[in-house]
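Asker: I'd like to ask you about the structure that follows.
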């Protein structure tokens, strides 16, 4: 027979093999026979195996019902899929009911039906509908934004709004038993089902909304990660514990002070779950320098740490990749996943990843830690296996029963940052050697070793890029200052400090030329400079004490911030480090004490040198106490020389 125009229209899914199916066994027994006859009739018609008359005789479905059923099968649901055989289920509603007759109208039996009344009521009263939606979605209306409201409280405002609209007690919805409460609950339930992400975000907070936005199928990589160093994940985590740091006062007393929860930065290989490197940051927020330190440690060969905690030791197989697998020394990755933290997106980090590591960078969606689920789970594992077992743990939240005066416990047992570093070293080593369910119960290092032995190639850093300094260096451009007219020799200025060398000082033709600088953020005493054509000009040295004492970019910025805020002041001839340390020593607040302790811990050479110079100046012998020094005496008291002919 010839197909009717009904199924020959464009864009209709006429291939019944592609239609969604129905589980026949789940249908009630009274509906199974009806569904079977409907399906048989539709199949015969769609496959052109029988005439309409024969279909009616075989199935009992008449011509009118047959065309009605076919229309239902060819219709599309809200997701854009054809209904197919689902449309043949008896009493299946394919469209939501919309009331056509007015509300509060009685039928022939003098009864009032409220089917579809609530939706129609909201359509007729848009101001009430807007109020209800704003209350449910926590939308502020010019005032203070309130916490999430209960539905019972929203209903009270709904009833009040109805009365303000002039609706009397014998009119819908005030004439119902619960004044529309059940209808309001059903309306919110349908709203939540239709707009899941928006409702969850508005009603249940940012974290729940972030998880609601995540559709698992859209976040899976198109290419399965199977090769070591094919993709790694990076993230930072604040450790759930308090630690102490010890510093020396000007009088020589050793003082113990607690610090803010430190950061643990990690790099983990996705294919093998191996932790490649870590770094601990003691600041309130980690910086781009800390990110680079972590990248450097993940790339360089592992170095054994001296352990001071009694009973703490390395596992027999050490537990770090470069200690067991020679191919992983100086190995680098192809893709790095991290979040949108400011430190991660710094220019120096992106530059080092591109120029040194040679990898692609994937920052991923904003506020979506699930995108890096592997490293997030690792942080939780390290907390439960290590940090949460410390007496000074803060627990996973403020109500955690394990949280019991963590600062007092840290002081009592002297749980120091040195202990944190040693504990973290062993925790990660043990993790790398334990079976992991995500890699078929292989250990992370065992999985990596097997894959590399099976000729999985690992890219290694070239020899010329293996210097420790290259990880912490970045390029900057500065214009040469100076004046021929005033006889001021050429120099450059970087971060408030002047730099020069003999070549630059004797090259007035370089004034106003732009030089490219290679800056090491860990040591700003010297900077390597290059001419506009790319040739090297040489090493430029900082003026004064800035060129003598090794210091980081972070420390210099901290010193000049205090100077800009007029909290300290120093001239070109004064030692800025001595003044900075003196400022921290004079301020008796916790912030200054912690900064002083961190300076002594992280850059002890600065503190030792400044302290030595200060003590040397204070202990100089006076002219009466010892042999006079002509260089320390006033000009008028210089010794006379006797010349003998």
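No lab work stands behind these numbers, since they all come straight from the coordinates. Quantities reported herein were computed from a predicted structural model and do not represent experimental measurements. Here the Cβ is made from the backbone with ideal geometry for all residues, glycine too, and neighbour counts use every protein chain on show.
Asker: Can you work out the FRET efficiency for the pair residue 175 and residue 77, with r the C-beta to C-beta distance and R0 = 41 Å, to the nearest 0.05?
Answerer: About 0.70, to the nearest 0.05.
Asker: Ok, one more. If I stretch the segment between residue 326 and residue 505 completely, what's the gain in nm (0.36 nm per residue apart, minus their alpha carbon distance), one decimal?
Answerer: Numbers: separation 179, 0.36 × 179 = 64.44 nm, distance 4.79 nm.
This chain segment gains 59.7 nm when fully extended.
Asker: Please arrange 292, 44 by counting, for each residue, the other beta carbons lying within 10 Å of its beta carbon, fewest first.
Answerer: Listing 292, 44 from fewest to most nearby Cβ atoms yields 44, 292.
Asker: Here is a further query. Note the direction-averaged projected area, equal to a quarter of the hull surface, for the Cα convex hull of the range 308-442, in nm².
Answerer: On the way: hull surface 45.1 nm².
Average projection, Cα convex hull of the range 308-442: 11.3 nm².
Asker: With the cut-off at 14 Å, report for the range 543-598 the share of all Cα pairs above it, as a whole percent. Write down the numbers at each step before the final one.
Answerer: Numbers: 858 of 1540 pairs.
Tail fraction, whole percent: 56.
Asker: Please sort 412-419, 386-393 by packing, taking for each peptide the average over its residues of neighbouring beta carbons within 10 angstrom, highest first.
Answerer: In descending order of packing, they fall as 386-393, 412-419.
Asker: So how much slack lies between residue 260 and residue 190, counting 0.36 nm per residue of separation and subtracting their Cα-Cα distance, in nm?
Answerer: 20.6 nm
Asker: Hey, how many Å between the Cα centroid of the range 332-362 and the Cα centroid of the range 442-466?
Answerer: After rounding, the separation between the Cα centres reads 20 Å.
Asker: Another question about this same structure. Sticking with the crude label model, points 7 Å out along Cα→Cβ, report the distance from residue 591 to residue 560 in nm, one decimal please.
Answerer: Using points 7 Å along Cα→Cβ, the separation is 2.1 nm.
Asker: Another question, then. Under a plain spin-label model, where a point goes 7 Å from the Cα along Cα-to-Cβ, how far apart in nm are residue 535 and residue 62?
Answerer: That separation, rounded to one decimal, is 10.2 nm.
Asker: Grab the alpha carbons of the range 5-88, take their convex hull, and tell me the volume per residue in Å³. Before the final figure, lay out the partial values.
Answerer: On the way: hull volume 8.5 nm³, N = 84.
Hull volume over Cα atoms, normalised by residue count, gives 102 Å³.
Asker: Something else now. What is the fewest-to-most order of 172, 499 by other Cβ atoms lying within 10 Å of their Cβ?
Answerer: Arranged by neighbour count, lowest to highest, 172, 499 become 172, 499.
Asker: State the percent of C-alpha pairs, over all pairs in the range 258-311, separated by a distance greater than 17 angstrom. Please list the in-between numbers first.
Answerer: Numbers: 707 of 1431 pairs.
The answer is 49 percent, as a whole percent.
Asker: At what distance in nm do the modelled label points of residue 318 and residue 489 sit from each other, each positioned 7 Å from its Cα along Cα→Cβ?
Answerer: Distance between label points: 5.0 nm.
Asker: Right, something else. Go ahead and run the numbers for FRET between residue 36 and residue 203, Cβ-Cβ distance against an R0 of 51 Å, rounding to 0.05.
Answerer: 0.70
Asker: Could you give the distance between the Cα centres of the range 375-419 and the range 153-168, to the whole Å?
Answerer: 52 Å
Asker: At q = 0.27 Å⁻¹, what is the log10 ratio I(q)/I(0) for the range 473-547, with the Debye formula run over Cα points and no solvent?
Answerer: Results for the range 473-547 at q = 0.27 Å⁻¹ read -1.39.
Asker: Considering Cα pairs under 8 angstrom that are at least six residues apart, work out the relative contact order of the range 383-501 and quote it in whole percent. Each step should come with its number before you reach the end.
Answerer: Numbers: 79 pairs, mean separation 11.5, N = 119.
RCO, the range 383-501: 10 percent.
Asker: If you don't mind, another one. Using Cβ contacts closer than 10 Å as the measure, can you line up 306, 299, 526 from fewest to most?
Answerer: With the sparsest Cβ surroundings first, the list reads 306, 526, 299.
Asker: Counting only C-alpha contacts under 8 Å and six or more residues apart, can you give the relative contact order of the range 223-465 as a whole percent?
Answerer: Over the range 223-465, the number comes to 26 percent.
Asker: Let me ask you something else. Subtract the Cα-Cα distance of residue 153 and residue 335 from 0.36 nm times their separation in residues, and report this length gain in nm to one decimal.
Answerer: 60.4 nm
Asker: Continuing with the same structure: Quick check on packing: order 319-325, 89-95, 598-604 by the mean number of other C-beta atoms within 10 Å, highest mean leading.
Answerer: Values: 319-325: 21.9, 89-95: 11.1, 598-604: 16.6.
The peptides rank, most packed first, as 319-325, 598-604, 89-95.
Asker: Kindly provide the Kirkwood hydrodynamic radius of the range 223-465 in Å, to one decimal, from all pairs of distinct alpha carbon atoms.
Answerer: 19.0 Å
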